[in-house]
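The values are calculated or read from the model by the stated rules, or taken from the named source; none is laboratory data. Only a predicted model underlies this, so the values are computations on that prediction, with no experimental measurement involved. When we count neighbours, we look across all protein chains shown, and the Cβ atoms used for this are built from the backbone with ideal geometry, even at glycine. The accessibility values were calculated without ligands, DNA or RNA, using every heavy atom of the protein model including side chains. Shrake-Rupley method; radii C 1.70, N 1.55, O 1.52, S 1.80 Å.
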Amino acid sequence: MDVLGNYKSAISARSTDKDILKKAQDGGIITTLFAYALEEGIIDGAIVAGPSNEPWKPEPMVATTKAELLAAAGTRYTISPNLYLIKEATRSYGLDRVGIVGTPCQIQAVRKAQLYPIGMRDVDDKIALALGIYCMENLSYQALEAMVEDHCNQKMESVKKMDIGKGKFTVYTERGAVSQMPLKLIHKYVQPGCHVCLDYVANLADISSGSVGSPDGWSTVFVRSTKGNAVWDGAIKAGCFETKPMDQVKPGLDLVRKLATEKITKNQKNVDARKTVGLKADGTPKGLRNPYESP
Amino acid sequence: MKPAASKPQAKPAVKPTDVIVEKKVEVVQKEEKPVAEKITIGELHLSGCTGCLVTLADNYEGLFKLLDDYADLVYALTLVDVRHVPEMDVCLVEGSCCLDDKLSVEELKEARAKSKVLVAYGACAAYGNITRFCRGGQWNQPGQEAFVPISEVVDVDLYIPSCPPCPQEVRNVAVMAYLLLRGNDEQKNLATAYLTPLMQLAQRGNEACGCDLMYDVINQGLCMGCGTCAGTCPVRAVTMEYGRPNVNRDLCIKCGACYSQCPRSWFNFDVMNNYEGIMDAIKGAMQ
Amino acid sequence: MSKVVEISPTTRHEGHSKLVLKVNDDGIVERGDWLSITPVRGVEKLAIGKTMEQVPKIASRVCGICPIAHTLAAVEAMEASIGCEIPEDAKLLRYILQCANRMHSHALHNILSLPDMYIPGTDTKINPFTKEEPVRSVALRIQRIREIAQTIGETVGGEAIHPSNPRVGGMYRNISPRAKAKIYDLAKEARVLTQQQMEFMIAVFRNYQRRDWAEVGGVQVPIPKDLGYHNQGYMATAPVYGSSSLDENPTWFPERFTEVRPWDWYMGEVEISEADPNYPIGGTTPVGTKAWPQMEACTGVPLYDGQPIEVGPRARQAIFKNYDEKGTIGLQVARQMEFPETAYGIIDALDALDTSGAVVAETIPQGDGSLGWAANEAPRGTDVHLARVKDGRVQYFSMLVPTTWNFPTCSRALEGAPWRLAEVVMRGYDPCVSCATHMLVIDEDKRLVAQKLIQ
Ligand SMILES: Cc1cc2nc3c(=O)[nH]c(=O)nc-3n(C[C@H](O)[C@H](O)[C@H](O)COP(=O)(O)OP(=O)(O)OC[C@H]3O[C@@H](n4cnc5c(N)ncnc54)[C@H](O)[C@@H]3O)c2cc1C
Ligand code: SF4
Ligand code: SF4
Ligand code: SF4
Ligand code: SF4
């Protein structure tokens, strides 16, 4: 498979909903799609990264209204274990059609839960819309704290927005300050599990989106599955998005492909390096576990 | 959600409504079928709770589809009258094996000898599950104390972990087993690819615990905090704390669901990349 | 001279059991011993030292057909021991679970009973797996009822089999308004389907009752009019739910309970002296084989007021509704009569449920070792769990499960039946044998636990 995965179309897009754009990270693709799907009854609710009682620490939540979706909009650069709720959403929440957003690895988890529903009874056919967000790496909460408070010298609770782009990690505060740190410094903070990740643009999502490839405030969207295609077409017809063809925007798909290739090549090397990390008594290498080969 | 009772009959019946008696079962097996010859499936109940078998029945209408078109249920004390272990293509074994009960050991060995594919169906058979805690001392058989996962006694081809396992998983395995044993080359390849990780699980070992998340995922630098393990656990023993699972070991029943469901225990791109096609195929097969 | 026949293992019920039958020259049972031969996992003993949260999770796993009953009885026995009252909305959620479990279990039992029965007006027995009508429609209706019940159980209980939501002190989570609406719709559909199913099943059982003979393994066996009659009493604690030692007026009485060991109850060693290789399927045990019920039985023999008693649907209706049709068919009919009320019970509880109400007690004591018990009216009868909890750990745990009560009662009900119909009588009790491998133990000096209970 290509590093960008299978897709039916790639588009540059931005939500037409001003409320959403105000809260969203980039083009508001995810929030707008869920709001549309809720409205149309395509989903009964969506699992998103909701607020918690610590600043910038997401807590998975089931959103069933646009207001709840808005409360969860925007990127938190730390882990939100959204799959935690995937079974419960179909239980006490009573959802029959579940929407879920996640990083590529989380969408992989969704597909595994559907194809191999080992401990996921009655979930497989209830996943109505799985939206992916591109992801280069993720951070523990403490790492994010260190980046914001040490490197950028801002308090977590005063930050309005965080963003990664153009080689920098940027924080914007409520009072209008902007602080930055170079991305290459965050390497030590990346969670180890990301070093073996072989997916950048959520290849297995119904629709995936990220900022890379499109101008500021716009998003690059891959429409992938049959289901995703139907939802995207419907949302376009309903006027949810402004769109531009990918080949007419800058920097365009080439940058997405370049970053995806870089990530996957680097991480494939890591996966391979794990095979020879140690040493056996006979002098041959001793390896760590490789999840892509066997459990 | 239409009431099942008003469903019209899909296909002409191929066999008369009758008592299930041995002779008739044999005749039926030799009869011409509208589809390729069915496989035979049986369920051996050892020291389990029958929840695994109920799981199979919880395919509801799909159970009849499976039995109509893909598999004859030739053995399962709770559902059919056959009293002794017959020959079968696929044997699902439910429950662990009590070493202090001669019959259990004998029946398990007989099932191994008489089946092509032997499946540890559910956590008790695969990992011991709650029977790992057994320690005897209860009337009227205080001497029954040693319970082991079935792979301590016989070779096991495939694992379906979790307590209980899921109806959709055993359905998928049944359809794939049918394709493996009766399909064309392409179907055989697909079935092999699908079943491989479950066969590898059987090779991996017969000990399971929430601790596997620590040993084989976090300690190996592989956890990325998706939360699947916590969502999976059937006893709510796993919570997510700052992006990593925490296992309440005083609650864990050793069912193996969290680890096998974790995308970082195994993830086979050859199958996952075709998730849409495979899910459609399974859905189609069940229609 | 009487001969001995053995049917082993018996089929179409949960678990492993066998029948050892002394029969006369006409093949009529003079003495029947029905016993569990399922290995004893010893849940009561492995529970000791574990946490009060974990033990109900383990207890659930003694039976996958009535796991809700075992979970609730175990959780409530813990609550009874530590003296924890749970919020009203948690009780309502548990009540819904109880009804859902009974609905699914009775429906499943229909599938297991039907092969003994005839399509009315024919001499054709019913194979529930056939594609032929009218059987297929009935089978699909049964599966739809089960689907509804299991879905409700899953929505409220977290899992359809082995519910994860109940916990000591209440429930982990209340349900959402959407879940409530969903359950409502399902229960309304079930109200119609269970009514239809009840009527169908009663017609089938009544038809059997009117027949003169049944065919078993190629033999026409006369059906006696008093098939499955016994003169034992009944025990039930509530029409639907149960009782516990926390109740103001408990409806189960530990002081009326005693127990004997199988050694004093079952037959000694016998040699099989009659066999039928055509008995479906696989024949009865060959002549010359030895059987030793008092050694092999895996359960004890519980008595209430010094007698074996019957528990289950008929017992509930005899005690609470003046129903008392005797025999196997009377028991089967009573079970069907419980069908529709499971749907009504769910609807009533939903009406009372506040989805924003708290479902966990504010304080959950850790226990001082007091003895508490909880009785749950499981689909197949009263399921009593007893526990002592101290500092959050279980010191003593015991499960008196429905089929354990019914083993000796059913053994008596076999007397007078043709041996080829013994399994039909046995199946009438909807046996669940795996969980029945658990029993209350009399301690060494033969003093009854029951006596300690009332001290
Ligand atoms: C850790 C991380 C790394 C990323 N790396 C890149 C990258 O390298 N390149 C790129 O183009 N884009 C990346 N993104 C995606 C990007 O930041 C935006 O999330 C994406 O473009 C969607 O924006 P939107 O305006 O369409 O969505 P919005 O409408 O703002 O909705 C975003 C949705 O994502 C959910 N969400 C927020 N944080 C998380 C989280 N941590 N885990 C799971 N769900 C979450 C929110 O609840 C919300 O529903 C990354 C995102 C994350 C979380
Ligand atoms: S880099 Fe990969 S593993 Fe890490 S959070 Fe992103 S998608 Fe998940
Ligand atoms: S795995 Fe669970 S459901 Fe299956 S037999 Fe064991 S306890 Fe029962
Ligand atoms: S933590 Fe839960 S899912 Fe994992 S083995 Fe234990 S009981 Fe099973
Ligand atoms: S499922 Fe695996 S990768 Fe996901 S949080 Fe749990 S241990 Fe980590």
Work out which residues of region B:132-150 lose at minimum 40 square angstrom of accessible surface when the other protein chains are put back, relative to the chain isolated, with a 1.4 angstrom probe, and list them by number. B:Phe133, B:Arg135, B:Gln138, B:Trp139, B:Asn140, B:Gln141, B:Gln144
Roughly how many nanometres apart are two label points built 7 Å out from the Cα toward the Cβ at A:Gln268 and B:Ala36? 3.4 nm
Note the buried accessible area between C and A here, summed over both chains, with a 1.4 Å probe, in Å² to the nearest 100. 1100 Å²
Filter the trypsin sites (Lys or Arg not before Pro) in region A:192-295 down to the DSSP loop ones having no more than 10 other Cβ atoms within 10 Å, then list what survives. A:Lys280
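What share of the DSSP beta bridges in the protein assembly as shown is antiparallel, in percent to the nearest 5?
Values: 88 of 119 bridges.
Of those bridges, close to 75 percent are antiparallel.
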Quick one: pull the percent of accessible area on chain B belonging to carbon and sulfur, 1.4 Å probe, ligands and nucleic acids left out. 51 percent
With labels modelled as points extended 7 Å from the Cα through the Cβ direction, what inter-label distance (nm, one decimal) is found for C:Gln196 paired with C:Met1? 5.7 nm
Give the shape of region A:139-189 as rounded, prolate or oblate, defined through the alpha-carbon gyration tensor: a ≥ b ≥ c are the square roots of its eigenvalues, a/c under 1.5 means rounded, and otherwise the shape is prolate if a/b is larger than b/c and oblate if not. oblate
So, in Å, what gap is there between the alpha-carbon centers of region A:12-47 and region B:149-163? 46 Å
May I ask you to give the solvent-accessible area per residue for the protein assembly as shown, in square angstrom, as obtained with a 1.4 angstrom probe? 35 Å²
Suppose we flag trypsin sites (Lys or Arg not before Pro) only when DSSP calls them loop and at most 14 other Cβ atoms lie within 10 Å. Which is the longest uninterrupted stretch of chain B? B:1-134
Cα Rg, Dmax (largest Cα-Cα span) when computed across the protein assembly as shown, Å: 29.8, 102
In debye, nearest 20, what is the charge dipole magnitude of the protein assembly as shown about its Cα centre with +1 on Lys and Arg Cβ and -1 on Asp and Glu Cβ, if you could check? 2540 debye
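Dividing the Cα radius of gyration by the Kirkwood radius, what Rg/Rh value follows for region C:3-155? If you can, show how the numbers build up before the last one.
Numbers: Rg = 20.4 Å, Rh = 18.9 Å.
Answer for region C:3-155: 1.08.
Compute, for chain A, the length of the dipole vector about the Cα centre, with Cβ point charges of +1 (Lys, Arg) and -1 (Asp, Glu) only. Units Debye, rounded to 20. Please list the in-between numbers first.
Numbers: 38 positive and 33 negative charges, 150 e Å.
So the dipole magnitude of chain A works out to roughly 720 debye.
Using just the helices of chain A, give the 222 nm mean residue ellipticity in deg cm²/dmol: DSSP H runs with n ≥ 4 each add -39,500 (n - 2.57), and the total is spread over all residues, rounded to 500.
The helix contribution divided over chain A gives -7500 deg cm²/dmol.
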Partners for A:Lys266 among aspartates and glutamates (Cα-Cα distance below 15 Å; same-chain residues under 8 apart left out): A:Glu137, A:Asp199
Separation between the C:Asp305 and B:Arg249 pseudo-spin-labels, each 7 Å from Cα along Cα→Cβ, expressed in nm? 5.1 nm
Once you keep just the Cα pairs under 8 angstrom separated by 6 or more residues, what percentage relative contact order results for chain A? 22 percent
Return the value, in Å² to the nearest 100, of accessible area buried between chains A and B (probe 1.4 Å, both sides summed). 4800 Å²
Rounded to two decimals, what ratio of Rg to Rh does region A:1-78 give with C-alpha atoms and a Kirkwood Rh? 1.01
Cα gyration tensor category, rounded, prolate or oblate, for region B:211-261 with a/c compared to 1.5: prolate
Counting only DSSP loop positions in region A:120-197, the GluC sites (Glu not before Pro) whose Cβ has at most 16 other Cβ atoms within 10 Å are A:Glu174
Divide by every residue of chain B the summed helix terms, -39500 (n - 2.57) for each DSSP H run of at least 4, and state the resulting mean residue ellipticity at 222 nm, rounded to the nearest 500 deg cm²/dmol. -10000 deg cm²/dmol
Where the centroid of each part is defined by its Cα atoms, how far is region C:148-225 from region C:293-321 in Å? 23 Å
Give the carbon-plus-sulfur fraction of the accessible surface of chain C in %, rounded to a whole number; probe 1.4 Å, heavy atoms of protein chains only. 50 percent
For chain C, calculated [θ]222 nm from helices alone, where every DSSP H run of n ≥ 4 adds -39500 (n - 2.57): -12000 deg cm²/dmol
Name the residues whose placed amide hydrogens come within less than 5 Å of the amide hydrogen of C:Gly369, ignoring near sequence neighbours (fewer than 5 apart) on the same chain. C:Val389, C:Lys390, C:Asp391
If exposed trypsin sites (Lys or Arg not before Pro) are those in a DSSP loop with at most 16 other Cβ within 10 Å, what is the longest stretch of chain C that has none? C:1-210
For A:Lys155, go through the lysines and keep the ones whose alpha-carbon is under 25 Å away, minus same-chain ones fewer than eight residues off. A:Lys22, A:Lys23, A:Lys57, A:Lys166, A:Lys168, A:Lys184, A:Lys188
Could you state how much accessible area is buried at the B-C interface, both sides summed, with a 1.4 Å probe, in Å² to the nearest 100? 7000 Å²
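Considering only DSSP states other than H, G, I, E and B, which GluC sites (Glu not before Pro) in region A:18-98 qualify as loop sites with at most 13 other Cβ atoms within 10 Å? Before the final figure, lay out each step's value.
Details: sites: A:Glu39, A:Glu40, A:Glu68, A:Glu88; in loops: A:Glu40.
Loop-located and lightly packed - A:Glu40.
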Tell me, what is the FRET efficiency for A:Lys188 and B:Glu110 to the nearest 0.05, using R0 = 60 angstrom and their Cβ-Cβ distance as r? 0.55
Between the alpha carbon centres of region A:163-184 and region B:217-287 the gap in Å comes to 34 Å
Using modelled backbone amide H atoms (1.01 Å from N, in-plane), which distant-in-sequence or interchain residues come within less than 5 Å of B:Gln220's amide H? none
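B:Ala193 to C:Asp185: FRET efficiency via 1/(1 + (r/R0)^6), r the Cβ-Cβ distance, R0 35 Å, to the nearest 0.05? Intermediate results must be reported in sequence, preceding the final value.
On the way: r = 40 Å, r/R0 = 1.14.
Result of the calculation: an efficiency of 0.30.
At most 15 other C-beta atoms within 10 Å and a DSSP loop state: those are the exposed GluC sites (Glu not before Pro) I care about. Give me the longest piece of chain C that has none.
On the way: sites that count: C:Glu85, C:Glu248, C:Glu269, C:Glu325, C:Glu362, C:Glu444.
No qualifying site falls inside C:86-247, the longest such stretch.
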Once you order the gyration tensor axes a ≥ b ≥ c over the Cα atoms, which shape class does region B:240-287 get: rounded for a/c under 1.5, otherwise prolate or oblate by comparing a/b with b/c? prolate
Residue-by-residue Karplus 3J(HN,Hα) for region C:38-54, coefficients 6.51, -1.76, 1.60, Hz, glycine and proline x: 7, x, 8, 6, x, 4, 5, 7, 6, 5, 5, x, 7, 6, 5, 7, 7
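Give me the percent of the accessible area of region A:139-189 that comes from carbon and sulfur atoms, probe 1.4 Å, all protein chains in place. Walk me through the numbers on the way to the answer.
Numbers: 1420 of 2930 Å².
Solvent-exposed carbon and sulfur of region A:139-189 make up 48 percent of the total.
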Cut-off 10 angstrom, C-alpha nodes, Gaussian network model of chain A. Which of A:Val148, A:Val123, A:Val178 fluctuates the most? A:Val178
About its Cα centre, how strong a charge dipole does chain B have in debye, to the nearest 20, once Lys and Arg get +1 and Asp and Glu get -1 at the Cβ? 440 debye
Using protein chains only (no ligands, no nucleic acids) and a 1.4 Å probe, work out which residues of region B:217-241 have their accessible area cut by at least 30 Å² relative to the chain alone. B:Gln220, B:Gly221, B:Leu222, B:Met224, B:Cys226, B:Thr228, B:Gly231, B:Thr232, B:Pro234, B:Val235, B:Arg236, B:Met240
Note on chain A, DSSP bridge orientation, antiparallel percent to nearest 5 equals 75 percent
For A:Trp218, other-chain or 5+-apart residues with amide H closer than 5 Å (H placed, Pro excluded) are none
